[in-house]
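Coordinate-derived values only; no laboratory data. Bear in mind that the values here come from a model prediction, so they are computed numbers and not experimental data. As a convention, Cβ positions derive from the backbone with ideal geometry for all residues, glycine included, and neighbour counts pool all protein chains shown.
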Amino acid sequence: MVPLTHYLVLSGILFAIGTAGVFLRRNLITVLLSIEIMLNAVNLTFVAVGRQIGTVDGQIITFFVMTVAAAEAAVGLALVIALFRHRETLSPDAFTSLKW
Amino acid sequence: MLLLLIPLLPFLGFLANAAFGRRLPKSVSGGAACLAMVAAFLVSALVSLPMFGHDPHPVESVIFTWLPSGDLQVPFALRLDQLSTLMILVVTGIGSLIHIYSVGYMHEETDSEYARYFSYLNLFASFMLVLVLGSSFPVMFVGWEGVGLCSYLLIGFYYTKQSASDAGKKAFVVNRVGDFGFLLGMLLVFATFGTLDFQGVAAAAAARAPETAGMGVITIATLLLFLGATGKSAQLPLHIWLPDAMEGPTPVSALIHAATMVTAGVYMIGRNAVLFSHAPMTLEVIAVVGVVTALMAGTIGLVQNDIKRVLAYSTVSQLGYMFLAMGVGAYAAGIFHLYTHAFFKALMFLGSGAVIHALAGEQDMQRMGGLKKYLPVTYWTFLIGALAIAGVPPLAGFFSKDEILFRSMVGTEHGHGSVILWLVGSITALLTAIYMFRLVFLTFHGQPRFAASGGGHDTGHGHGHAASPGQGHDQSHGHHGAPHEAPPSMTIPLIILAIGSVVAGLIGVPQAIGGSNRIEHFLEPAFEVHSPAEAGTQPGTEATSVFVARGEVQSGVTHGEDAVRTEQTLMGLSTLVALVGIAIAGFFWFRRPDGADGVARSSGGLYKLLYNKYYIDEIYDALIVQPIKRLSEGALWKGVDAGLIDGSVNGVGATVRGLSQSLRQLQTGSVRTYAASLFLGVVMILGWYLWT
């Protein structure tokens, strides 16, 4: 059986990759994908820990997270499309009008 | 409860005219107002009847508990005693005549103005009746303030005219100064005696020894009350509003001067006779202020040319007499003069109104003359009034003025008289005779001077009715030939008042010439203390100890053989003074009309000083009005308001603005910055949890 530590390390690596993606990529769609990776890293942790302590709670929470993620992806992509129509670009640096 | 009806009737008249008057024809609105007053007079007469009986009991009627607050229990109560009996009869009686006169005098106003006028007039009378009937200081104060309000409304009746609305404001502000004193005096009385009921205060004051040495609390309280009286009764230094009050319609002047308002101060002192008697120093101040005011106003009246202004200064002067009487402790004599003065002063004001009416609003006596043959009724009634005020026996003014002069010489049990007071009073009597007959001769005798100047209302004469757009007289009476006598609604009150001016004094014929001075004996109980047990609910007639005892001793002295001779001598002298005054006036303004101008020219500076009323208005303007204006504009407006208040409000705004200026730099608008700060925040929070 794969020990818990490995799952957690994998999860940490995935989370770091996602975070780096959010900060470094210049494409909003990629940023959204990176957020999905971060969410899945967390899901992995929940499932792994749930299995370790022998309950199904981790899996239930994962289902919730997946549902929310699906909804978030739908809304997020719709926003991205709207923004693209507006500015003809997907770089997050182009959308800075929400300031003083 | 009949007592309540007396002020209530005019008040209902006021409500009716104020609410519906605009839509009513003049006959209804004026008629209702007159009816209310006449009814009030009849009720007054009815409730007064027992007072003239053998065993007069003061009547008290508690309407409701007005101020129930701890120690201070003030019922809204009306009390009728001898003093207020006399006052309500004067106020409603003379007031009714003035109302009736006004029906004729104001008939050219529009319906709504007419109703407004009568509603104010009724309200005025109503407040005055509350003032004289009130059984405690606060109730009196309601009336006190009410007449102040009504005088403001009525003096400024022609409010579209700048000078009239200014005069109204002046009256109100000057009165306010006095009211301030009255209020402070009232509070001091409550703090000292713990009650505000007149009887209660009198009983509490009687228990103390008179403050013969130094300034005690009673002296201070009475001085403050006297300050209030100087405001209402136009005495130095607060007399300045009264001559300006001539801007109002003439019947209003008559009402203010004769029946209401200015008598309030004298009445208030009479009402608190016991209290004032315990402050000899205050009495001296009152006597001196009174006699100085009388002399000063008399000299000013000598040179004024506006017919109503002469009468106004005459009122100030006569009020000075009343205060002189109060100041020497001769309360009954002061009230007696108040009562006779009401007749002849109302008569003369209404007479001058008839003259002004006939001459299309002309008030300058230099453009009158020779009116005797055009206005016979006015002339003869006016002449009676002038004889009465000059003090020719046996008209009303003679007895009352003489009583005051006699008392100012010999004093009473409460206050000292002195030869100086008597002398100044007599000089004033001489002046009174002179200026009154100057007025008579200039107005009614000699050559007519009004035709030559073409009616006078186009000469830009500043304070004439003529300048008023609301004044109907100009249009209809302007140029159609000779002046004509006033309608009966105006002449009948004149005749009644003339009769009054002749006979009113007969109730006070002094003992020295075989009379019994009934008024003094009638009023006596009102100036004494009722025994404390009865003072609260059932004021009895039993007067207590000290004053009666002392009064008897004193009257024994003053009515002794010597006193009688003194009084007779003084009477002869004052009759002589009156006749000399009339003769002087006749010499200058009847026989040799140029002589007066010559004297005026040769006296130069003095004439100018008198003509400009001792420059008192100018002095007040320079000493009080201008500094206040400068303070308000320079310090309060530009300094405090614009600088401090606006500055602090604007300062708060600017501070917040400046802070947010730097804070909003954080809002870059870059999504990634937000994401990074969010991330860092979460890491820090989690880190904190993990580390601890």
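Model label sites at residue A:10 and residue B:521, defined 7 Å from Cα along the beta-carbon direction, differ in position by 13.1 nm. Placing +1 on the Cβ of every Lys and Arg and -1 on the Cβ of every Asp and Glu, with nothing else charged, gives chain B a dipole about its Cα centre of roughly 1700 debye.
Going from the residue with the fewest nearby Cβ atoms within 10 Å to the one with the most, B:293, B:692, A:67 rank B:692, A:67, B:293. Computed over the alpha-carbon pairs of the protein assembly as shown, the distance histogram in 20 Å steps reads 14, 38, 18, 6, 12, 10, 2, 0 percent, short to long. Positive contributions from Lys and Arg (+1) and negative ones from Asp and Glu (-1), summed over other residues with Cβ under 15 Å from the Cβ of residue A:32, come out at +1.
Under the definition of partner shielding as Cβ atoms of other protein chains within 10 Å of a residue Cβ, what is the mean value for peptide A:14-23? Don't skip to the answer; put the middle values down first.
Details: counts 0, 0, 0, 0, 0, 4, 0, 0, 5, 4.
Mean inter-chain Cβ contacts per residue within 10 Å come to 1.
With a Förster radius of 30 Å applied to the C-beta separation of residue B:484 and residue B:591, the computed FRET efficiency comes to 0.55.
Just counting partner chain Cβ atoms within 10 Å, what average do the residues of peptide A:28-35 show around their Cβ? Each step should come with its number before you reach the end.
Working: counts 1, 0, 0, 3, 0, 0, 0, 1.
For peptide A:28-35, the averaged partner shielding equals 1.
Shielding of peptide B:671-682 by partners, expressed as the average count of other chain Cβ atoms within 10 Å per residue Cβ, is 3.
If one takes the longest principal axis of the Cα atoms in chain B, at what angle in degrees, from 0 to 90 and to the nearest 10, does the Cα axis of helix B:561-586 lie? Around 80 degrees separate the two axes. Residues of the range B:377-421 with an amide N closer than 18 Å to a point placed 7 Å from the Cα of residue B:212 along the Cα-to-Cβ direction: B:411-418. The residue A:29 and residue B:665 beta-carbon pair, evaluated with R₀ = 41 Å, returns a calculated FRET efficiency of approximately 0.85. Karplus-based coupling profile of the range B:298-309, in residue order and whole Hz: x, 5, 5, x, 5, 10, 6, 10, 7, 4, 6, 5, with θ = phi - 60° in 6.51 cos²θ - 1.76 cosθ + 1.60 and x standing for Gly or Pro. Packing, as the average of other Cβ atoms within 10 Å across residues, places the peptides A:11-23, B:194-206 in the order B:194-206, A:11-23, highest first.
Considering only beta bridges that DSSP places wholly inside chain B, some 100 percent are antiparallel.
At a 10 angstrom cut-off on C-beta neighbours, averaged per residue, how do the peptides B:124-130, B:12-18, B:444-450 rank from highest to lowest? Could the numbers behind the result be given before it?
Working: B:124-130: 28.6, B:12-18: 21.3, B:444-450: 17.3.
Ranked from most to least packed, the peptides come out as B:124-130, B:12-18, B:444-450.
Between residue B:73 and residue B:4, what length in nm is gained on full extension when 0.36 nm per residue of separation is reduced by their alpha carbon distance?
On the way: separation 69, 0.36 × 69 = 24.84 nm, distance 1.99 nm.
Using 0.36 nm per residue and subtracting the Cα-Cα distance, I get 22.9 nm.
Phi-derived couplings, Karplus 6.51 cos²θ - 1.76 cosθ + 1.60 at θ = phi - 60°, listed residue by residue for the range B:63-79: 7, 6, 7, 8, 10, x, 8, x, 5, 8, 10, 10, x, 7, 10, 10, 10 Hz, with x used for Gly and Pro.
Amide H contacts under 5 Å for residue B:156: B:168, restricted to partners 5 or more places along the chain or on a different chain, H placed in the peptide plane at 1.01 Å from N. FRET efficiency for the pair residue A:74 and residue B:162, taken as 1/(1 + (r/R0)^6) with r the Cβ-Cβ distance and R0 = 56 Å, rounds to 0.10. Remark: the protein assembly as shown carries a charge dipole of roughly 2260 debye about the Cα centre, counting +1 on each Lys and Arg Cβ and -1 on each Asp and Glu Cβ. A cut-off under 13 angstrom between Cβ atoms defines the neighbours of residue B:517, and their net charge, with Lys, Arg +1 and Asp, Glu -1, is -3.
Between 0 and 90 degrees, the angle of helix B:488-503 with respect to the longest Cα principal axis of chain B falls at about 60 degrees. Taking the Cα centre of chain A as origin and assigning +1 to Lys and Arg Cβ atoms and -1 to Asp and Glu Cβ atoms, the resulting dipole is close to 220 debye.
Could you state the angle between the C-alpha long axis of helix B:646-663 and the longest principal axis of the C-alpha atoms of chain B, as a value from 0 to 90 degrees rounded to the nearest 10? Helix B:646-663 and the main axis of chain B meet at about 10 degrees. Spin-label model, residue B:684/residue B:191: points 7 Å from Cα along the beta carbon direction are separated by 6.2 nm. As a rough guide to protection, the peptides B:100-110, B:364-374 ranked by mean Cβ packing within 10 Å, highest first, stand as B:100-110, B:364-374. Its Cα gyration tensor gives chain B an equivalent ellipsoid. The semi-axes, each the square root of 5 times an eigenvalue, are 51, 35, 26 Å from largest down.
Shape class for the range B:85-176: oblate, because the ratio a/c of the largest to smallest gyration tensor axis (alpha-carbon atoms, square roots of eigenvalues) is 1.5 or more and b/c is at least a/b.
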